[in-house]
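Everything on this sheet refers to the single structure shown next.
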Amino acid sequence: MPAQLLCPRCQQDWVRPYRFRSDGTPFFLCTECDSLWWPDEAIDEAQAHFLDDVVAARLGVGGNPWSSRVWGDVIEPVLDIHC
Ligand SMILES: [Zn+2]
């Protein structure tokens, strides 16, 4: 992917590579609007997931997953994603 890809949803920030700390699953994230894409997906507005929904589903919690944890507990930025 290009070194810097502007978020197609909010166009306010770059889409950056991240991973889940628990198992290293990689994904792309815009930290401005919390849009998430999996590496095999096109990074466009129609494909965007919402970080809170993905994290809640992975952790098996309902509603807001950030009431008892912070981003750094669950995800971390990485330099690049190789897929
Ligand atoms: Zn965005």
Q. Looking at this structure, is R9 over 17 Å from I75 (Cβ atoms), within 16 Å of the ligand (Cβ to nearest atom) and at pLDDT 95 or above?
A. yes
Q.
Being over 13 Å from C30 (Cα atoms) and either among the β-branched types (V, I, T) or touching a residue at least 24 places away in the same chain (Cβ under 8 Å) (or both) is the filter here; which residues of the range 40-54 pass it?
A. D40, V54
(Q) Take the conditions outside any helix (DSSP H, G or I) and open to solvent by 80 Å² or more (accessible area, probe 1.4 Å) and apply them to D80. Does it pass? (A) yes
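The values are calculated or read from the model by the stated rules, or taken from the named source; none is laboratory data. Just so we're clear, the structure is a prediction, and the values are computed from it rather than from any experiment. Note that each Cβ is placed from the backbone with ideal geometry, even for glycine, and that neighbours are counted across all protein chains shown. Accessible surface areas use protein heavy atoms only, side chains included; no ligands, DNA or RNA. Shrake-Rupley method; radii C 1.70, N 1.55, O 1.52, S 1.80 Å.
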